[in-house]
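Q: What follows is a structure written as structure tokens; I'll ask about it next.
A short reminder: the numbers here are calculations on the coordinates, not readings from a lab. Since the structure is predicted, the reported quantities are computational estimates derived from the model, not experimental observations. Here the Cβ positions follow ideal geometry from the backbone for every residue, glycine too, while neighbour counts run over all protein chains shown.
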Amino acid sequence: MAKRSKGIVIMKVLRYGLYGLLTLLLLLVVGAAIFVATFDANRYKSDIESLVLKHTGRILKIDGEISVTLYPQIGVLVTQASLSENIATHQASSVSLSDRFVTLQSTRLSVALLPLLNGEVLVDGINVEGLKVRLVRSTKGILNLQDLLDRLKPSDPKPDSEPSATSTPKKPATDNKPLIVDIQSVSIKDSGLIFIDEQSQQRWDINDIALSTDRLAPGANGQFLVSFRLQAPDQSADVLVG
């Protein structure tokens, strides 16, 4: 039972790490829309960083290069990037802005252009190398990526005021289509994850993560393959899983 419980904890940590990664990558896709009209994408680094800060309260730093291809698909390669902890909440916990939430050596993705006009994000593949994620669960049980997860939740529509006897009934809106994200594959290599649980005063180090998936889309049933090396709090030696 102890091994089974430990396996469940590990998979939850990996899932939260993947959520954080996908959030960062989707932000990069949105930022890429700013400079698709030019090949000199590095001129817009400060604009992308400001956009992320405005919408997430986190500091994005791109110390490497940004390469863009426009044909036959919009392709983006970003190297040496990092995302900070949330500025508004770090003072209320032991999390420091000097502790990066996410760092990565490189990430590459390509997006089909025409489906974007119909509100569909069709990603051929996401390839990531050197990803490092630092997850912290506070003494109150709150993860340091909760603010990002909250932003992914659809906002509840505000209820309309009750119609009067003379008012004309409003027609239901048909133009607001939900954004469809279809990712053909995800590949992560040479990556790691640190999970710090302030409730139990324990730390889990997951190194040498190699992850690959098939298609990620609503209703898709694909493979999810992962291998990693775990250093658990109660073990002196690493455990290789995969």
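Q: Which cross-chain or sequence-distant (5 or more) residues have an amide H under 5 Å from the amide H of Leu113, H modelled 1.01 Å from N in plane?
A: Counting only residues 5 or more places away or on other chains, the set is Ile74.
Q: From the phi angles alone, apply the Karplus equation (6.51, -1.76, 1.60; θ = phi - 60°) to region 17-23 and give each ³J(HN,Hα) in whole Hz, x where the residue is Gly or Pro.
A: Karplus values, whole Hz, x for Gly and Pro: x, 5, 4, x, 5, 5, 4.
Q: I've got another one for you. Which entries of Lys54/Lys153; Lys61/Lys132; Lys12/Lys61; Lys54/Lys140; Lys12/Lys189; Lys61/Lys189 show an alpha-carbon separation above 24 angstrom in the structure shown? Spell out each step's value before the answer.
A: Working: Lys54/Lys153 18 Å; Lys61/Lys132 14 Å; Lys12/Lys61 27 Å; Lys54/Lys140 26 Å; Lys12/Lys189 19 Å; Lys61/Lys189 21 Å.
Result: Lys12/Lys61; Lys54/Lys140 exceed 24 Å.
Q: Here's a follow-up. Between Ile8 and Leu116, how many nm apart are label points set 7 Å from Cα along the C-beta direction?
A: 4.3 nm
Q: May I pose another question? Rounded to whole Hz and in sequence order, give me ³J(HN,Hα) for region 220-233 from the Karplus expression 6.51 cos²θ - 1.76 cosθ + 1.60, θ = phi - 60°, writing x for Gly and Pro.
A: Each residue's phi maps through the Karplus curve to give 7, 10, x, 7, 10, 10, 8, 9, 6, 10, 9, 10, 7, x Hz.
Q: If I model a spin label as a point 7 Å beyond the Cα along the Cα-Cβ vector, how far apart are those points for Ala210 and Gln146 in nm?
A: Simple spin-label model gives 3.7 nm for this pair.
Q: Under a plain spin-label model, where a point goes 7 Å from the Cα along Cα-to-Cβ, how far apart in nm are Asn42 and Gln202?
A: Using points 7 Å along Cα→Cβ, the separation is 4.6 nm.
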